[in-house]
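**Q** I am attaching a structure below and will ask some questions about it afterwards.
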Amino acid sequence: AKENLESALRVLDRLAGRDPQVHQQLLRSTGLTGAEIDSWRRAADHMYVPRHDQLGIVLQDEHFLDRERWDFEGTPADKHPLLLHYHPLELYRHQVIKQTDVVLATYLVEHNFTEDETRRTFDYYDPLTTGDSTLSACVQSVIASAVGYPERALGYFEDACAVDLLDSHGNTADGIHIASCGGTWLALVAGFGGLRDFDGQLRFKPRLPVEWQGLRFRVQARGQLIEVG
């Protein structure tokens, strides 16, 4: 929510500087007022994002650390996925995560995190993530690459590939996991390729597994096809 407001403000500021006429047309057509824009800025500036200073991590929610960790070692294999065998209220009272939400935030809005904070956040939440969601391994691969864990990144990438190729979740007969397929591409391009696209700038910081000799891919940005390799 904070990022949505700040993105809207960046667009308006950029339009005002680069094309004042279009900026004025936008204000007229939407009825947007200066008071409303100021309210967006105040809301974004005052929005509370819970962090833990000692651990140096962003919190899943304000009271996440008050809960007991889930007993992963004492949970039989046939009790996974957890959501199919335990009531949600029992899960929500523990430190256990189906989908790697906070780690995903360190990718989507990485400009709000330091590199050390991203690494510490990954280190804390990764052991708490069950892998029950097909949307986790690909994101875990991206961030494992970013924080310098190439072998873990490769392992998570292979897990993402296995979702449909090996039917690892046992439900590919109902249709392939389209979002997970997109996530596998993301693990390649944003993870190993290090692609980031923020505020009008493309950046690349490749981090390949030691077993790989190279990686080549294409992306289209602002009407231009770019080949990276």
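**Q** Using only Cα positions of the stretch 115-218, each an equal point scatterer, no hydration layer, compute I(q)/I(0) via Debye at q = 0.11, 0.20, 0.23 Å⁻¹ and quote the log10 values to two decimals.
**A** -0.34, -1.04, -1.25
**Q** So which residue, out of ILE57, ILE97, ILE176, gets the largest mean-square fluctuation from a GNM of the chain using Cα contacts under 10 Å as springs?
**A** ILE176
**Q** To the nearest 20 Debye, how big is the dipole of the chain about its Cα centre, given +1 on the beta carbon of each Lys and Arg and -1 on that of each Asp and Glu?
**A** 940 debye
**Q** Rounded to the nearest 500, what is the 222 nm mean residue ellipticity of the chain from helices alone, with -39500 (n - 2.57) per DSSP H run of 4+ residues and division by all residues?
**A** When only DSSP H runs of four or more count, the value is -13500 deg cm²/dmol.
**Q** Please report, to two decimal places, log10 I(q)/I(0) for the chain at q = 0.07 Å⁻¹ as given by the Debye formula with identical point scatterers on the Cα atoms and no solvent.
**A** Each listed q maps to, in turn, -0.30.
**Q** Further question: Would you work out which of PRO150, LEU202, LEU186 lies farthest towards the positive end of the dipole of the stretch 141-229, given +1 charges on the beta-carbon of Lys and Arg and -1 on that of Asp and Glu, about the Cα centre?
**A** Toward the positive end, the furthest listed residue is LEU202.
**Q** Using Cα springs under 10 Å in a Gaussian network model of the chain, which residue among ALA160, ALA144, ALA16 shows the largest mean-square fluctuation?
**A** In the Gaussian network model the winner is ALA16.
**Q** Given a Förster distance of 22 Å, report the FRET efficiency between LEU65 and GLU90 from their Cβ-Cβ distance, rounded to the nearest 0.05.
**A** 0.75
**Q** So what is the accessible area of the chain per residue, in Å², with the probe set to 1.4 Å?
**A** Heavy-atom accessible area per residue stands at 60 Å².
**Q** A further question on this structure: Taking 8 Å as the Cα distance limit and 6 or more residues as the minimum spacing, I'd like the relative contact order of the stretch 1-156 as a percentage.
**A** The normalised contact order for the stretch 1-156 reaches 18 percent.
**Q** Plugging the Kirkwood radius over Cα pairs into Stokes-Einstein for the stretch 22-152, at a temperature of 4 °C and a viscosity of 1.567 mPa s, what D comes out in µm²/s?
**A** Here the translational diffusion coefficient equals 75 µm²/s.
**Q** Ok, one more. How far is the Cα center of the stretch 101-170 from the Cα center of the stretch 38-99, in Å?
**A** 16 Å
**Q** Ok, one more. Just the number, please: carbon plus sulfur as a percent of the accessible area of the chain, 1.4 Å probe, no ligands or DNA/RNA counted.
**A** In the chain, the share of accessible area belonging to carbon and sulfur is 53 percent.
The values are calculated or read from the model by the stated rules, or taken from the named source; none is laboratory data. None of these values were measured; they are calculated from a predicted model. Note that we place each Cβ from the backbone using ideal geometry, even for glycine, and neighbour counts take in every protein chain shown. Ligands, DNA and RNA are excluded from the accessible area calculation, which covers all protein heavy atoms including side chains. Shrake-Rupley method; radii C 1.70, N 1.55, O 1.52, S 1.80 Å.
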